[in-house]
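Taking it in order: structure first as structure tokens, then the write-up.
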There are 2 protein chains.
Amino acid sequence: MAATDRLNLTSDILSSSMKRSESSASLTSLDHPYKVTVIGSGNWGTTIAKVVAENTAQNPTLFAPEVNMWVFEEKIEGKNLTEIINTKHQNVKYLPGITLPDNLIANPDLLSACEGADILVFNIPHQFLRRIVSTLKGHVDKKVRAISCLKGFEVDANGVQLLSSYITDELNIACGALSGANLAPEVAKENWSETTVAYHIPEDYRGDGKDVDHRVLKALFHRPYFHVSVIEDVAGISIAGALKNVVALGCGFVEGLGWGNNASAAIQRVGLGEIIKFGQMFFPESRVETYYQESAGVADLITTCSGGRNVKVGKHMAKTGKDAFEAEAELLNGQSAQGIITCKEVHEWLESCDLVSEFPLFDAVYQIVYNNVPMENIPDMIDDLDAFGHH
Amino acid sequence: MAATDRLNLTSDILSSSMKRSESSASLTSLDHPYKVTVIGSGNWGTTIAKVVAENTAQNPTLFAPEVNMWVFEEKIEGKNLTEIINTKHQNVKYLPGITLPDNLIANPDLLSACEGADILVFNIPHQFLRRIVSTLKGHVDKKVRAISCLKGFEVDANGVQLLSSYITDELNIACGALSGANLAPEVAKENWSETTVAYHIPEDYRGDGKDVDHRVLKALFHRPYFHVSVIEDVAGISIAGALKNVVALGCGFVEGLGWGNNASAAIQRVGLGEIIKFGQMFFPESRVETYYQESAGVADLITTCSGGRNVKVGKHMAKTGKDAFEAEAELLNGQSAQGIITCKEVHEWLESCDLVSEFPLFDAVYQIVYNNVPMENIPDMIDDLDAFGHH
């Protein structure tokens, strides 16, 4: 389908769906308002929980106002973090200075936090997902619907798996994704931004007004300062969210070399091309348009490459000659630059398919990080075969 | 055509064309090496002249080594600028600190500079084009080929005209375009960057090895620090080059409001969408892929929105409450922020077609600059109908 046809089609489908959401006429058949739980309470988890709780409070016919947020319990000056959140309405550890809605309830017990939930919003670091999901296994009704705000994917010898698919496979529930140009502190401060929610209506959809659909998700996430676009393409937004971090490392290298804005934009252009190619090769159901039209695509790439951990690590490597792991340790205070792991996982996967040469930028970043290839070689490395296969 | 098919097709066509350029076998039928003249000597004109002269010196079988550069004559401390350039090999006025090749010859006389040229490279401010072209009229053989490095287009009641088409119409010579993420000072310092050259082989093409084609243009502009992609889509790269400045004003507004990186990326995303839509509506021969694949598209948008005159003016307006013309006067020392003029021209054109509402960001920028609409309204203004027609 030509891009313009698709634009018109998308417009028709969604504008009629959005018009419905303006009225509550179709909600009469809802047997109870949707109960929502957010799993995770880092800075992004707490920010999304704030957004969600603001909306549930304003839409009591559609949502149960009270939102549970699962919090990994920690002691802060002798007090439980959950207790501080529930009395002071601030996550003093991960989102200090931001007042949270009264109807957002912190709960340190995962199963109790998720009990009775109709919608689960996953927003935890990637490395905790396996444990969280195994704890939930057997305790989640298959009618429950989920949205994953995680970035990254599972790569093993069998291939590349989306984290939303992992959740679906393990818990037997439909799972979409939320991703966009969303630096958490800016959203928390209610600076205007956009995001993309992707959700594919499942086969066991229970019907209009009885089940989660695009208009319900828009009502759940859209705020005056947080504009939501709802689409079908879960794969597209997930791939873009994971791979942008590899591109950002490359931007860090050329910025650290002092090569300036032209070079950084060139890396982003080639990176966008390789992201699209990766999507088309391994997730043919993903749409090229998602990558250049959606906040989760090109806009998130731009935001990530204009700052953030991966750019910082790449720049520090260029300026000091230190390796990626030294740079990470010096700069990130125990946190990780996701691009370092992702470029390795992607490289291993591409190697197993014998397709490394199709992705010269991803390969260049990998070779610089893991094999000490001089980063000054980037232009030559990506010139043999650029993102789109021409010169 | 699906994007992937087009990628493969482009790859096939160009990789075979590029392979030819590696050998000089097909040059045997050239009756003389191409003589090249660059018209213009601002910082971008001088930078491109440097690039071209380096290449002609290295390819004497393909190009006459000596390159003429037409310079608008000025006195610098009592001396002619052309004389300084030809003796000191520096454009001390517009590109100080950069050594120019010996084979680049400054000439203050337009007709003498262009005499005998096979390839004309236009690189002057937009407002000088009309006069330059009228001087050349009647003095340029129709066998001559041209490349325009200008940004902008001619908008009047009859429609939108590309500057390359204007050159073709007035001088009766084929004209392509060069555009990319190319801040001139960075290219002049030989920091690595990419660019896009677009050229459509004309009907009176004289045959392989006898006329300018994609491989000749690649040989003329590609440098180790300046990577060239050659495509057919003159309209696409010209539209992107002109409209990015309007988007950059919008980025300036939200940055000046302190809304941060998310907001700037959102403006760029919506802007890219409106650029694509504008191209599809008024230049249906332009390709959607050009906008997100080429340096002249998404990469130039990113570079321009990460700094530059238009962002500065927008930011200054937001911070001081001054209008666009005051901001321009205070910041740019007599130079102009192209986006201010372009958003007006585009708005007049869209109004005459009754299509303003299809381009909410372009309209928002216009309303803020010319009608004092508060810039805080941008999110609402572009939410009614976003770039791609959905929410």
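The values are calculated or read from the model by the stated rules, or taken from the named source; none is laboratory data. Since the model is a prediction, treat every value here as computed from it, not as a measurement. Quick reminder, even Gly has a Cβ in these numbers, built from the backbone with ideal geometry, and neighbours come from all protein chains shown.
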Residue match in the stretch B:205-218 (condition: in contact with a Lys or Arg (Cβ under 8 Å, 6 or more places away or on another chain) and within 14 Å of chain A (Cβ to nearest Cβ)): yes
Any hit, the stretch A:200-210, residues being over 14 Å from the mean Cα position of the chain (by Cα), assigned to a helix (DSSP H, G or I) and of a type outside the set (Gly, Ala, Ser): no
Hits in the stretch B:243-286 (condition: facing another protein chain (nearest Cβ under 7 Å) and polar (S, T, N, Q)): B:Asn261, B:Asn262, B:Gln268, B:Gln280
Out of B:Ala266, B:Ala329, B:Ala318, B:Ala324, sole residue that is more than 22 Å from the chain's Cα centre (by Cα) and either within 20 Å of A:Gly271 (Cβ to Cβ) or assigned by TED's automatic domain parsing to the domain that holds B:Tyr94 (or both): B:Ala266
B:Gly273 in a helix (DSSP H, G or I), modelled with pLDDT of 95 or more and in contact with a Phe, Trp or Tyr (Cβ under 6 Å, 6 or more places away or on another chain): yes
Residue match in the stretch B:51-74 (condition: of a type in the set (Ser, Thr, Tyr) and touching a residue at least 60 places away in the same chain (Cβ under 8 Å)): yes
Enumerated helices (runs of 4 or more DSSP H) restricted to the stretch A:88-193, each holding at least 1 residues that are in contact with a helix residue (DSSP H, G or I) (Cβ under 8 Å, 6 or more places away or on another chain), of a type outside the set (A, V, I, L, M) and within 14 Å of another protein chain (Cβ to nearest Cβ): A:184-188
Filtered residue count, the stretch A:223-278, keeping only those that are closer than 24 Å to B:Lys244 by Cβ, surrounded by fewer than 24 Cβ atoms within 10 Å (Cβ to Cβ) and of a type in the set (A, V, I, L, M, F, W, C): 0
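Just to be sure I understand, how many residues within the stretch B:218-237 are in a helix (DSSP H, G or I) and within 24 Å of A:Ile267 (Cβ to Cβ)?
The total comes to 4.
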Of all residues making up the stretch B:287-323, the number that are more than 13 Å from every other protein chain (Cβ to nearest Cβ) and crowded, with 22+ Cβ neighbours inside 10 Å: 4
